[in-house]
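Below: the structure, in structure tokens.
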Amino acid sequence: MVDWLWSFSGSKETLGVALRTMSICTPMRKRLVGVLLIALFGMLLLACYPDNPQSTFDATGPVAQSQLDLFWMIFWAALVVFIVVEGVLVYTIIRYRRKSEDYDPPQTHGNTVLEISWTILPAIILAIVAVPTVTTIFDNANSPSLAGEPAIEVEAVGYQWWWEFKYDDPNNPGNEIVTANEMHIPVDTVVNVTLTSPNVLHSFWIPKIAGKVDVVPNNINKLWIKAEETGSFLGQCAEFCGVAHANMRFRVIVESSAEFDAWLASQDEPALEPVDPLAIEGKTIFEGNQAQCWTCHTVSGSAKAQGTVGPNLTHVGSRTHIASGIRVNDQKNLREWIADPDRVKPGNLMAATAKVYTEPTSKLTDAQVSALVRYLQGLK
Ligand SMILES: [Cu+2]
């Protein structure tokens with residue numbers, strides 16, 4: 001960026017001197033301001049570009065689409081207002097600018113017609129804008145399942161700083177299937193999401209599918225979503241919730257109905273038992289009293305690992321990402337995470353509270369980390 005600026009302003013020396021003294025000649029200063037404005041505008045455009053995984057300009061599904069339509073409608077209305085108001089302003093500034101030193105313009109006070117019209121006109125514009133706004137709010141608040149459309153139910157729980165997703169167990173009513181950071185849903189199906197938080201405020205946001213709805217402690221919020229394309233969509237906590245808030249992401253994996261059913265059935269299974277010696281050793285370490293991973297994590301099927309402080313790891317090996325969606329789930333990243341989670345995701349509660357990271361005497365050896373990685377990768 002700075003190099004790029006330099007290439008526009010001549011040389012590093014020119015820019016340095018210019019910035020230090022600001023005694024730079026006018027055309028050059030204009031050019032510098034121009035370049036800075038273009039750079040700023042470019043950055044703004046980059047943020048809005050539909051290809052960006054967190055852009056709201058590439059909506060899939062009725063909820064995000066209705067929000068986008070509303071945005072465009074209000075945007076164009078606001079643009080017309082802006083152009084008219086600024087047009088009158090600029091016209092007035094030029095037309096009625098001071099023309100000579102000792103000329104006193106005619107003095108006026110008040111103009112009833114003008115004042116009434118610029119009060120009524122905005123009120124009318126706001127009333128018009130309110131119609132689609134209120135309609136969209138109600139449409140998005142009332143799930144089509146209320147009118148009988150079939151839907152699936154998911155509970156999303158916001159933790160500091162990761163997400164838990166719970167599904168009703170189709171094979172075992174009353175039982176729940178628990179996973180973390182990746183919410184699978186079937187395409188073209190209404191999904192009712194119940195939002196809860198046992199800690200602080202969060203906000204549930206999947207820019208291309210729907211959002212945002214606050215996740216509030218001691219209060220149950222709901223939203224419904226429906227995705228019309230298969231694929232993986234990025235989600236993000238959108239309410240500041242503490243030190244790792246910006247890294248509190250998740251993914252929504254939209255798949256065909258058959259794929260979704262197969263996934264749900266696989267999540268219902270207990271964890272695979274490790275077979276190779278390194279993985280077996282990993283399990284022993286995981287459930288041992290030095291590492292104490294079991295105190296915070298559940299691995300279903302294990303009598304010991306039933307902790308609920310951290311993400312459920314029963315099928316962690318089948319997830320595409322770890323650490324609430326910020327790192328691809330491969331051997332290298334898993335290794336880095338277990339060796340030093342704070343380096344991967346500064347401030348996270350595993351690094352802050354697990355004994356292996358807070359007490360130097362309990363630190364995991366490289367060999368122990370390798371065994372744990374092998375064990376976790378096998379939990380498909
Ligand atoms: Cu947050």
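Read the figures in this text as sums done on the coordinates, not as results from a lab. For clarity, every value in this text was computed on a predicted model and none was experimentally measured. Don't worry about glycine lacking a Cβ; one is built from the backbone with ideal geometry, like all the others, and counts go over all protein chains shown.
Would you kindly derive the ³J(HN,Hα) couplings of region 351-363 from the backbone phi angles with the Karplus curve 6.51 cos²θ - 1.76 cosθ + 1.60 (θ = phi - 60°), listing them in order in whole Hz, with x for Gly and Pro?
5, 6, 10, 6, 4, 4, 9, 9, 10, x, 6, 9, 3
If you add up the charges near V178, with Lys and Arg at +1 and Asp and Glu at -1, over every other residue whose beta carbon is less than 9 angstrom from its beta carbon, what do you get?
On the way: positive: K166; negative: E164, E176.
For residues surrounding V178, the net value is -1.
With a 10 Å Cβ neighbour count serving as the proxy for reagent exposure, in which order, fewest first, do V63, V215 appear?
Placing the least packed residue first, the sequence is V63, V215.
So, how do all the Cα-to-Cα distances of the chain break down into 10 Å bins, in percent, from 0 on up?
Calculated P(r), rounded to whole percents: 4, 17, 22, 19, 15, 12, 7, 3, 1, 0.
Could you go through region 204-221 in sequence order and give the Karplus-derived ³J(HN,Hα) for each residue, using 6.51 cos²θ - 1.76 cosθ + 1.60 with θ = phi - 60°, rounded to whole Hz, and x for Gly and Pro?
After applying 6.51 cos²θ - 1.76 cosθ + 1.60, I find 8, 9, 10, x, 8, 10, 5, x, 9, 10, 5, 10, 10, x, 6, 8, 9, 9 Hz.
Quick one: compute the contact order of region 278-371, relative version, from alpha carbon pairs under 8 angstrom and 6+ residues apart, as a percent. Could you put the intermediate results ahead of the total?
Numbers: 110 pairs, mean separation 24.0, N = 94.
Answer for region 278-371 is 26 percent.
When the chain is fully extended, how far beyond the present Cα-Cα distance does T135 get from N172, taking 0.36 nm per residue of separation?
Length gained between T135 and N172: 9.4 nm.
Residue by residue through region 311-320, what is 3J(HN,Hα) from phi via Karplus (6.51 cos²θ - 1.76 cosθ + 1.60, θ = phi - 60°)? Round to whole Hz and write x for glycine and proline.
Working through the residues one at a time gives x, 5, 9, 3, 10, 4, x, 9, 8, 7 Hz.
Multiply the residue gap between R98 and I128 by 0.36 nm, knock off their C-alpha separation, and tell me the result in nm, one decimal place.
Taking R98 through I128 to full extension adds about 6.9 nm, to one decimal.
Fewest first, what order do K332, K283, K166, K363 take by the number of other Cβ atoms within 10 Å?
With the sparsest Cβ surroundings first, the list reads K332, K363, K166, K283.
Among T365, T92, T284, whose mean-square fluctuation peaks in a Gaussian network model of the chain (Cα, cutoff 10 Å)?
T92
Relative contact order (percent) for the chain, with alpha-carbon contacts under 8 angstrom and 6 or more residues of separation?
After rounding, I find 13 percent.
Give me, ordered by chain and number, the residues 5 or more places off T320 or on other chains with an amide H under 5 Å from its own placed amide H.
Amide H to amide H, under 5 Å and 5 or more residues apart or across chains, T320 pairs with nothing.
Once Lys and Arg get +1 and Asp and Glu get -1 on their Cβ, which of N219, G231, G242 lies farthest toward the positive end of the dipole of region 175-250?
Looking along the dipole axis, the top candidate is G242.
Kindly put S143, S256 in sequence by how many other C-beta atoms sit within 10 Å of each C-beta, fewest to most.
Going from least to most buried by this count: S256, S143.
Using unit Cβ charges (K, R positive; D, E negative) and no other charged atoms, how large, in debye to the nearest 20, is the dipole of the chain about its Cα centre?
Computed about the Cα centre, the dipole is about 1660 debye.
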